[in-house]
Amino acid sequence: MKTKKVLGMFLAAISVSSLVACSKPAEPNQAAVGGNSAQAQGQQASPSADFDDSHSITVISREDGSGTRSAFSELVGVIQKGEDGTRTDNTSKEAIIANKTDVMITNVSEDPYAVGYISVGSLPKNGSVRALLIDGVEANDENIKNGTYPIKRPFIVATKIGDADAVTADFMKYILSDKGQEIVAKEYIAVSETPEAYASQKLKGKIVVGGSSSVTPIMEKLSEAYMEENPDVNVEIQMTDSTAGMTGAIDGSYNIGMSSRDLTEKETAALAPTIIAQDGIAVIVNPANSTLGLSTEWIRKVFTGEAPAWDAWADENPIGSISVE
């Protein structure tokens, strides 16, 4: 019989009171169950008896230019800001780079010792990966809305200032309308509780949308629904990354750029940004992993390479454990 740091079983309507690992003991937080949480999607902690928590951590990060990487790294402190405004990304040089959300999920699902991060709205329903508690709080819509889940960011679309044609403007109107926000709310957090009603003007034309791979899935659903109401409009989606999305919107390659991070001052000077949804970033591990959760400080240490193994924090504030055969 081997002792492991596990939750044992996530049950609906039961709150988790175990402490997450951190450098100083903290008050436990309730982990609400619901929304787009790993638990609500049928994922349960099922650690393997063979999981060796002294094993080194396989860190998986996103590519440069990814809005998810930029937002995540800034929120957990991987990016350090200097007094002169410079930003230093301290992501571990040993990190494996995944250039898309689905690549990240595949890498973590195939490596018991891997850790990565994806949009909460992109958590797979098949249990191939599991979201960690962060500061004792579960990654779900309710906790993102009430502000208790700490790793969250906006989904933004942007058009060049003064350069949106009638069809592009109509699509933007649709995204923020009752119909568009209803689509958003199925997987993410809508930005308006009282959106305006949308009525098709039966326009004709083409819209090219490009950028963030995190925003792409919801934009694909929005564009499909929009084209059903406007059959003479073709919306083309090009998945790249947030930086490419903003650059494309500025130089005219895209009518609409997508970003999963806040815009830079340079981008804001040329673009009109619109928040279309709110999203959290889930830190994901393989289901075989026995770690329940981590503090934001330990997340920073993991992704900068300061925590070399999964038991690096065990002596400071161990998670409640049970025996695993």
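The values are calculated or read from the model by the stated rules, or taken from the named source; none is laboratory data. These numbers were taken from a predicted model, which means no experiment stands behind them. No Cβ is skipped: glycine too gets one built from the backbone with ideal geometry, and neighbour counts run over all protein chains shown.
Of note:
- Comparison of SER223, SER214 shows that the only residue that is among the polar types (S, T, N, Q), at pLDDT below 95 and closer than 23 Å to ALA190 by Cα is SER214.
- Candidates MET227, MET172, filtered to the one that is in contact with a strand residue (DSSP E or B) (Cβ under 8 Å, 6 or more places away or on another chain), without any contact (Cβ under 8 Å) to a residue 24 or more places away in the chain and part of a helix (DSSP H, G or I): MET227
- Of all residues in segment 55-91, those that are among the charged types (D, E, K, R) and at pLDDT 95 or above total 1.
- Residue match in segment 284-306 (condition: within 16 Å of GLY67 (Cα to Cα), within 15 Å of the chain's Cα centre (by Cα) and of a type in the set (A, V, I, L, M)): no
- Being over 20 Å from SER213 (Cβ atoms), part of a strand (DSSP E or B), out of contact with any Cys (no Cβ under 8 Å at 6 or more places or on another chain) and of a type in the set (Ser, Thr, Tyr) is a description that applies to THR88.
- Matching residues, segment 234-271, being among the hydroxyl-bearing types (Ser, Thr, Tyr) and assigned to a strand (DSSP E or B): SER259
- For segment 263-286, the count of residues that are of a type in the set (Lys, Arg) and touching a residue at least 12 places away in the same chain (Cβ under 8 Å) is zero.
- Within segment 110-139, the set of residues being of a type outside the set (A, V, I, L, M) and touching a Gly at 6+ places or on another chain (Cβ under 9 Å) comprises SER119, GLY121, LYS125, ASN126, GLY127, ASP135, GLY136, GLU138.
- One residue from SER128, SER109 being assigned to a loop (DSSP other than H, G, I, E, B), of a type in the set (S, T, N, Q) and more than 13 Å from the chain's Cα centre (by Cα): SER128
- For segment 272-294, residues that are in a strand (DSSP E or B), among the hydrophobic types (A, V, I, L, M, F, W, C) and surrounded by fewer than 22 Cβ atoms within 10 Å (Cβ to Cβ) total 2.
- For segment 175-198, the set of residues classified as crowded, with 17+ Cβ neighbours inside 10 Å, in a helix (DSSP H, G or I) and either acidic (Asp, Glu) or touching a strand residue (DSSP E or B) at 6+ places or on another chain (Cβ under 6 Å) (or both) consists of ILE175, GLN181, VAL184, listed by residue number.
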